[in-house]
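The values are calculated or read from the model by the stated rules, or taken from the named source; none is laboratory data. Computed from a predicted model, the values in this text were never measured in an experiment. Using ideal geometry, Cβ is built from the backbone for each residue, glycine included, and neighbour counts are taken over all protein chains shown.
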Amino acid sequence: MLLSVKCQSCSTLFHIDENDSNFYLKMQVPAPTFCPKCRLFRRSMWRNEHFFFKKKEERTGNFIFSTYPPSSKVKIYEHSYWWSDKWDPKLYGKEYNFNNTFFKQFADLLHNVPLCARSIETCVNSDYSNHATNAKNAYLCFNATDNEDVSYGFRLSGSQDCVDIYETKDSSLCYETFSIVDCERMFWSSNCANCYNVWFSDNCRNCNDCFGCINLRNKKYCIFNEEYTKSEYEKKLGTMYDGSYLQVEEILKKVANLREKFPVQYIHGNRNKNVTGDYIYASNNSLDCFVIHNIDNARFSQFIRHSKDVYDFTNWGLACELIYESANCGENCQNLKFCYECWPSSHNLEYCVECHSSSYCFGCVGLKKATYCIFNKQYSKEEYFSLRSKIIEQMNITPYISSDGLVYRYGEFFPPEFSPLKYEESSASDYFPKDNISEISNKYNIEIYSLEIPEKVSDIDDSIVGKVIECQDAQKCAHRCVGVFKITKMEFQFYKRFNIPLPRICPNCRFYTRMEKLNPIKMWDRECMCKKSTHGHKNKCVVKFKTNYSPNNPQILYCEDCYKREVY
């Protein structure tokens, strides 16, 4: 049975099928009243993925780096103190007031209990990273696990000695990469796996010593998809790349034009069964999902791995089960509903923020190893379940109504207006961009203008390290460009080692340029564009599918079978 529902936020009609209804029944939650897109936007409003601010710490009054802006009403503690036993979040506990709405009371608690300035675990010399675990010498790295000597990384794991990478796993000595796995010495390349010494290439597998190539498998010594002998390759390559910045720009344009002549599969992924979305790997029965790994029975979920039975789950995972409408939760968590930043080994939490190793908590903030708490107040097991039932009943009878008339009963994630972040400070602005105006900084005196940077790194000495450099995109982009940037010693040594020209744009602009390679979190009905009779069909292929390649995308879109016949 298919149920059609009109989103109370955007008025879009969305559908709830039998599998959806069974999941909601299993989780003991009502069906959502917001469409999947509005639900994702709402969760994203609570998450800051790659911005840092200086905010006053509640205990010392010193300004420290935090993912919460100074204008936010929340209080923060420095990381090591927050995790210590020197303070007790239960001291902020309060009785539930049935004369007020749940969400308003939760907002008051959220503004009183100090939050952790950064979300990190076991990091060494990585003060400018967040949502990071086991990082060493990581600079401006986010959503990162087990990395060392990496600068400007986002969604990376198991990688070393890299600069400016996005969705990169188990790789080393890489620069300007997007979605690569098990690679070494990759430069300006995307969607590659098991490659070595590959430059300016896209969608290559098991290749080495290739330059400007598309859709290659098990090849070596290729330039723009033409194969050479080793000596021919090395000789020709010497005339094509000398480390000039303008030369790099011309090569990137040529490769972009070349890419449009080759087919792409309608979905990035492999080893899947019954999935829709993009960048899906080793997953089953997962629909409308994006960037997921080893997931079973999921829907409307993004950027998660190694989990099962989850809906509307964004960021992290790792041995999680029965998660609904939650974000940034992970490491052996079960039965979480409407939670943010709750980990590890937590279960049976509802409407909790930054609660760790806890269970059976409702509407709590900042608890550690706690059980049977409501609004940070301790109860017995019997008292907890009795009060929880009464609060849920009251949430349905007396819902919170936002300023724009949206109704929040039990079963909806936190309203965006109670987020510690503004839209432009949250990941909602990344995945649901508006016409942003770049925030040009006037705080710095520019020491080097972009036009003054020599074309080749070989003509630059280390005196440039730490200098304030103008971003050439200033006032010309919608990337919230900060106008200036600096070169660190670690990245300068990397550029020197591989003869890479210095960047001309700031890290923000570089981040958004890489992010543009990720197709939108949106699906269209399309059909295979293959017309080759050698692919098992007489005329044009008639296979239809759902894809996040929009009809306006210029690339040649193939179904899985035609793509494999063409490329593999």
Legend entry - Matching strands (runs of 3 or more DSSP E) fully within segment 167-245 where at least 3 residues are polar (S, T, N, Q) and crowded, with 18+ Cβ neighbours inside 10 Å: 184-193
Inset, instruction - Answer yes or no: is there a residue in segment 498-517 that is assigned to a loop (DSSP other than H, G, I, E, B), in contact with a helix residue (DSSP H, G or I) (Cβ under 8 Å, 6 or more places away or on another chain), farther than 18 Å from residue 424 by Cβ and basic (Lys, Arg). - result: yes
Legend entry - Qualifying position, being exposed (fewer than 15 other Cβ atoms within 10 Å of the Cβ), at pLDDT 95 or above and among the hydroxyl-bearing types (Ser, Thr, Tyr), among 21, 44: 21
Legend entry - Breaking point among (1) buried (at least 22 other Cβ atoms within 10 Å of the Cβ); (2) closer than 21 Å to residue 315 by Cα; (3) out of contact with any Pro (no Cβ under 9 Å at 6 or more places or on another chain); (4) of a type outside the set (Lys, Arg), for residue 345: (1)
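From the set of residues in segment 140-149 that are within 17 Å of the chain's Cα centre (by Cα) and not small (Gly, Ala, Ser), which is nearest to residue 487 (Cα to Cα)? If you could, list the steps in order and put the result at the bottom.
To start, the set of residues in segment 140-149 that are within 17 Å of the chain's Cα centre (by Cα) comprises 140-147.
Those still in the list that are not small (Gly, Ala, Ser) too: 140-143, 145-147.
Details: 140: 12, 141: 15, 142: 19, 143: 22, 145: 24, 146: 24, 147: 20 Å.
Selected residue: 140.
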